[in-house]
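To start, the structure under review is shown below, and the notes come after it.
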Amino acid sequence: MPIKNYDVQPLFAEPIFRTNIADAITSEQVEYVKNLKMVQNKVNQISENLYLLEEPEMKSVKDAVQEALDIYAMEVMGISQKLYVTQSWSLISYPSVGMHGHSHSNSLVSGSFYFTKLPEPIAGMVFGRHNSYQQLELITEPEKNNIYNVNMNLVMPNTHDLLLFPSGLQHFVQVNEATEPRYSIAFNTFIKGRLGSFKDVSELFL
């Protein structure tokens, strides 16, 4: 007898947190970041300063990022510990340049802030389902793509968007097909507070 009724339920999901923090950055700060000394990354340019948000000039941006991290920790992760920014840097993708696929080590949540006008057409961030080598590759029929089998998802940022996402997610940036550079600020985070349980001898203070 053929099966006519069935149910499929999602078990897990990966979050992408988005908020707009245009009020947190001034035109002077935009110029400050754009004029940072840059060095060659794998394909794009990365700031020589890898603790950018620790600079006094960036305090209002750091405060806005921290507010978003507090919401993420409480409402998305559901934890009592506090997320804080570890390293932070700026990136430039010049025309015809994207960013290689990667994930972020020694970090729980990573973020990107699109602090100035994004050139059009906008290059999106592509997130992959897997973060390691897959021995078995199954090709999904395009018309059958859904949340259970899709291997990649595209996220299109808007100017002044702040995106937060799990650091272990493999991701890359599409090639900048505009005629102007694409700027962003990126950062990693970790947690501080009490982990584990005293009674279960797993207690740890960070």
Subject >> Among (1) in a loop (DSSP other than H, G, I, E, B); (2) of a type in the set (A, V, I, L, M); (3) within 30 Å of residue 203 (Cα to Cα) - the single one residue 43 does not satisfy >> reply: (3)
Subject >> Within the range 2-54, considering residues that are modelled with pLDDT of 95 or more and basic (Lys, Arg), the one nearest to the chain's Cα centre (by Cα) >> reply: 18
Original post:
Out of (1) of a type outside the set (A, V, I, L, M, F, W, C); (2) closer than 28 Å to residue 96 by Cβ; (3) under 18 Å from the mean Cα position of the chain (by Cα), the odd one out for residue 121 is which?
Top reply: (3)
Original post:
Pairs under 6 Å by beta carbon, first residue of a type in the set (A, V, I, L, M) in the range 18-34, partner assigned to a helix (DSSP H, G or I), six or more apart or different chains?
Top reply: 21/64; 24/60; 24/61; 24/64; 25/61
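Does residue 59 meet the test of being more than 16 Å from the chain's Cα centre (by Cα) and closer than 21 Å to residue 190 by Cα?
Details: more than 16 Å from the chain's Cα centre (by Cα): yes; closer than 21 Å to residue 190 by Cα: yes.
So residue 59 passes the test.
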Original post:
Can you find a residue in the range 143-156 that is part of a loop (DSSP other than H, G, I, E, B) and within 14 Å of the chain's Cα centre (by Cα)?
Top reply: yes
Original post:
Does residue 116 meet the test of being under 30 Å from residue 31 (Cβ atoms), of a type in the set (Ser, Thr, Tyr) and loosely packed, with under 15 Cβ neighbours inside 10 Å?
Top reply: no
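The values are calculated or read from the model by the stated rules, or taken from the named source; none is laboratory data. This is a predicted model, so every value here is computed, not measured. Methodologically, a virtual Cβ is constructed for each residue, glycine included, from the backbone with ideal geometry; neighbour enumeration extends over all protein chains shown.
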